[in-house]
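K.L.:
Take this structure first; my questions come after.
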Amino acid sequence: MTGTPIRVGVLGARGRMGAEAVRAAEAAPDMAVVAAVDAGEDLAALTGAQVVVDFTHPDAVMDNLRFLVEHDIHAVVGTTGFSSGRLAQVRGWLKDKPELGVLIAPNFALGAVLAMRFAEQAAKFYDSAEIIELHHNRKADAPSGTAAHTAQLIGKARVQAGITPGEDATTSEVDGARGAVIFDVRVHSVRLPGLVAHEEILFGGQGETLTIRHDSMDRSSFMPGVLLGVRSVLAKPGLTVGLENVLDL
Ligand SMILES: NC(=O)C1=CN([C@@H]2O[C@H](COP(=O)(O)OP(=O)(O)OC[C@H]3O[C@@H](n4cnc5c(N)ncnc54)[C@H](OP(=O)(O)O)[C@@H]3O)[C@@H](O)[C@H]2O)C=CC1
Ligand SMILES: O=C(O)C1=N[C@H](C(=O)O)C[C@H](O)C1
């Protein structure tokens, strides 16, 4: 490595993803971990960092982000739970910080990012689509941030193509049996021990179906994306949503 390493802090450092991020950044030749902070610990420990990676909880992430922006620290955020209202709030905080970058990505796994892109492309050709996301049973939020983002991409692509959602003859339903509706797309959440993070995007058309599936078998799958995020956020001011925006897709 030549040059000074990027000073990295990790929030949620003792969690499943945070611990993995600490290990990955420590192993990266161009990074040095200068702070590892978990729940109940003082955020002031992060003030020596150039970039902080956040894998905490949807209830905690906005306070963390406000602190980071206030202290001119770039942020790479994997924590889920970002509504359009929350994103607007972050944009507002960044208005007076023209050099600061925040990257929020619902999924850092390359395959998951590609699956979302492929789903967005397929959405123009099918009026019927449903998503099944499958995760470990320690996950706090449902549906997953990835599934919600995928549904949004499909919904927007359909609107752009002038496609209305296809027929669904269901008139009698046990509550929840047809899943949650996000941007007119049905999303079904499975929670089981043994799983890590999986998503299936199903399209139905005349006499055919198309299934796009991604599996994270291990949390190391997210790390190349996290490290790429840390490297790119320094040169990408403002709010960026989605790793696809720093990949050459
Ligand atoms: N974008 C992506 O690619 C991925 C995103 N995720 C998302 O990342 C988030 C974390 O997932 P995961 O690691 O599995 O969850 P964990 O529960 O394993 O880890 C979260 C950690 O954050 C800690 N924490 C909670 N609040 C704070 C706070 N205010 N400040 C500092 N630390 C805090 C928790 O402590 P305690 O347990 O004591 O509360 C815990 O140690 C989730 O939103 C998940 O959906 C997960 C995988 C990939
Ligand atoms: O909690 C998880 O584990 C994951 N969360 C993210 C999400 O909600 O999409 C990303 C990945 O699916 C793993």
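The values are calculated or read from the model by the stated rules, or taken from the named source; none is laboratory data. All figures in this text were calculated on a predicted structure; none of them were measured in a lab. Glycine also receives a Cβ, built like all others from the backbone with ideal geometry; neighbour counts cover every protein chain displayed. Just so you know, the surface numbers come from the protein's heavy atoms only, side chains and all, with ligands and any DNA or RNA stripped out. Shrake-Rupley method; radii C 1.70, N 1.55, O 1.52, S 1.80 Å.
K.L.:
Of all residues in segment 1-45 being outside any loop (DSSP other than H, G, I, E, B) and among the β-branched types (Val, Ile, Thr), which is most open to solvent (accessible area, probe 1.4 Å)?
P.N.:
Checking each candidate, the answer is VAL34.
K.L.:
Given VAL226, VAL185, VAL190, which one is hydrophobic (A, V, I, L, M, F, W, C) and away from ligand 2 (no atom under 13 Å from the Cβ)?
P.N.:
VAL185 is the lone residue from the list that is hydrophobic (A, V, I, L, M, F, W, C) and away from ligand 2 (no atom under 13 Å from the Cβ).
K.L.:
Among the residues that make up segment 81-97, is at least one of them aliphatic (A, V, I, L, M), under 15 Å from the mean Cα position of the chain (by Cα) and surrounded by 13 or more Cβ atoms within 10 Å (Cβ to Cβ)?
P.N.:
Checked against the condition, which is being aliphatic (A, V, I, L, M), under 15 Å from the mean Cα position of the chain (by Cα) and surrounded by 13 or more Cβ atoms within 10 Å (Cβ to Cβ), segment 81-97 yields at least one hit.
K.L.:
When LEU195 is evaluated against the numbered criteria (1) surrounded by 16 or more Cβ atoms within 10 Å (Cβ to Cβ); (2) away from ligand 2 (no atom under 12 Å from the Cβ); (3) aliphatic (A, V, I, L, M), which criterion, by number, is the only one it fails?
P.N.:
So the condition that LEU195 fails would be (2).
K.L.:
Of all residues in segment 57-79, which are surrounded by fewer than 22 Cβ atoms within 10 Å (Cβ to Cβ) and within 16 Å of ligand 2 (Cβ to nearest atom)?
P.N.:
HIS57, PRO58, ASP59, ALA60
K.L.:
Starting from residues that are assigned to a loop (DSSP other than H, G, I, E, B) and more than 7 Å from ligand 1 (Cβ to nearest atom), keep the ones in segment 136-146 and report whichever is surrounded by the most Cβ atoms within 10 Å (Cβ to Cβ).
P.N.:
That would be PRO143.
K.L.:
State all residues of segment 193-214 that are among the polar types (S, T, N, Q) and assigned to a strand (DSSP E or B); if no residue qualifies, say none.
P.N.:
Across segment 193-214, the qualifying residues are THR209, THR211.
K.L.:
Listed residues VAL37, VAL76, VAL33; which is touching a strand residue (DSSP E or B) at 6+ places or on another chain (Cβ under 6 Å), within 21 Å of GLY238 (Cα to Cα) and hydrophobic (A, V, I, L, M, F, W, C)? Talk me through it step by step, then tell me what you get.
P.N.:
Numbers: VAL37 fails: within 21 Å of GLY238 (Cα to Cα); VAL33 fails: within 21 Å of GLY238 (Cα to Cα).
Only one candidate passes the filter, namely VAL76.
K.L.:
Only one of (1) out of contact with any Ser or Thr (no Cβ under 8 Å at 6 or more places or on another chain); (2) under 16 Å from LEU103 (Cβ atoms) fails for LEU11. Which number is that?
P.N.:
Going through (1) out of contact with any Ser or Thr (no Cβ under 8 Å at 6 or more places or on another chain); (2) under 16 Å from LEU103 (Cβ atoms) one by one, LEU11 breaks only (1).
K.L.:
Based on this model, can you work out whether LEU228 counts as aliphatic (A, V, I, L, M), part of a helix (DSSP H, G or I) and modelled with pLDDT of 95 or more?
P.N.:
Yes; evaluated as a whole, the condition is true for this residue.
Residue-by-condition table, conditions (1) under 18 Å from the mean Cα position of the chain (by Cα); (2) assigned to a loop (DSSP other than H, G, I, E, B):
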| site | (1), (2) |
| --- | --- |
| ALA148 | yes, no |
| ILE154 | yes, no |
| GLN160 | no, no |
| ALA177 | no, yes |
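K.L.:
Another question, if that's okay. Can you name every residue in segment 63-99 that is away from ligand 1 (no atom under 16 Å from the Cβ), outside any loop (DSSP other than H, G, I, E, B) and either modelled with pLDDT of 95 or more or of a type in the set (A, V, I, L, M) (or both)?
P.N.:
Pass one, segment 63-99, residues away from ligand 1 (no atom under 16 Å from the Cβ): 72, 74, 84-85, 88-89, 91-99.
Filter once more, keeping what is outside any loop (DSSP other than H, G, I, E, B): 74, 84-85, 88-89, 91-94.
Answer for segment 63-99, where residues must be away from ligand 1 (no atom under 16 Å from the Cβ), outside any loop (DSSP other than H, G, I, E, B) and either modelled with pLDDT of 95 or more or of a type in the set (A, V, I, L, M) (or both): HIS74, GLY85, ALA88, GLN89, ARG91, GLY92, TRP93, LEU94.
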